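Have a look at the structure below before the remarks.
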Amino acid sequence: MIEVRELVKIYDTRGHIVRAVDNVSTSVAKGEVLVVIGPSGSGKSTFLRCLNGLEEFDSGSVSIGGLDLADPKTDVNAYRREVGMVFQHFNLFPHMTVLENLCLAQKVVRKRGKAEREAKARELLEKVGIGQKANEFPSRLSGGQQQRVAIARALAMDPKVMLFDEPTSALDPEMVGEVLDVMKTLAREGMTMVCVTHEMGFAREVANRVLFFDHGKLLEDSAPEAFFNAPKDLRAQAFLRQVL
């Protein structure tokens with residue numbers, strides 16, 4: 001479903017060159033859940049943003065469902081329609097109700113009629129456990145509820161792949177579980193997912209593979225059991241000693 005080959009993203013900050021993603025190759029099969037972990041500034045989020053074209057990369061290739069992002073003939077908007085993205089901050093439109101937030105892109109991008117998009121929105125709000133909040137404004141919701149709206153909004157576009165960029169890191173601890181529960185449900189249903197997260201329990205329980213990044217390099221790409229019990233890379237070993 002996702003193919004990444006020799007991906008490089010370089011930032012030049014006042015003459016200081018940072019290889020934020022440094023020659024990374026990996027692939028994700030349909031229905032697979034990848035969890036990306038590593039210390040702050042290791043390139044995890046940049047890697048994720050390269051996957052859906054939010055960051056232009058310097059070299060290498062990324063393709064999703066056979067569409068190659070680096071190919072000049074690829075329609076980037078058509079490519080992005082296949083990829084749902086959930087951010088750390090919920091990015092909901094504050095002046096729109098929850099229902100309107102879910103319907104907007106369906107109308108503009110998928111060209112769905114009012115009845116169809118509202119039915120889809122209500123079905124997804126039920127799925128993420130907040131069907132009763134359809135007519136509320138985002139400011140009336142908790143952080144966990146807002147993030148579940150953001151997930152439902154991404155799902156409303158029927159993406160082939162869901163990307164999560166630290167979806168629980170802005171939440172109060174008691175709200176983390178409700179968002180992770182929604183993500184676990186998606187994983188069980190076979191959604192192809194790439195998740196940047198600090199939630200090690202989620203990685204152990206749900207991931208098919210764990211990627212460990214440091215200084216832009218992909219240092220480990222292994223099954224959760226192997227990664228958590230016997231990481232090969234010294235940097236990964238040190239990281240796990242700190243977080244577990």
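The values are calculated or read from the model by the stated rules, or taken from the named source; none is laboratory data. Everything numeric in this text was worked out from a predicted model, so none of it was measured. When we count neighbours, we look across all protein chains shown, and the Cβ atoms used for this are built from the backbone with ideal geometry, even at glycine. Ligands, DNA and RNA are excluded from the accessible area calculation, which covers all protein heavy atoms including side chains. Shrake-Rupley method; radii C 1.70, N 1.55, O 1.52, S 1.80 Å.
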Go through the stretch 186-224 and give me each residue that's open to solvent by 40 Å² or more (accessible area, probe 1.4 Å), of a type in the set (D, E) and touching a residue at least 60 places away in the same chain (Cβ under 8 Å). D221
What single numbered condition from (1) surrounded by fewer than 16 Cβ atoms within 10 Å (Cβ to Cβ); (2) β-branched (V, I, T); (3) touching an Asp or Glu at 6+ places or on another chain (Cβ under 6 Å) fails to hold for V8? (1)
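Any idea which of F47, F87, F93 is more than 21 Å from S169 (Cβ to Cβ) and in contact (Cβ under 8 Å) with a residue 12 or more places away in the chain? Steps first, answer last, please.
Numbers: F47 fails: more than 21 Å from S169 (Cβ to Cβ); F87 fails: more than 21 Å from S169 (Cβ to Cβ).
Exactly one residue qualifies, and that residue is F93.
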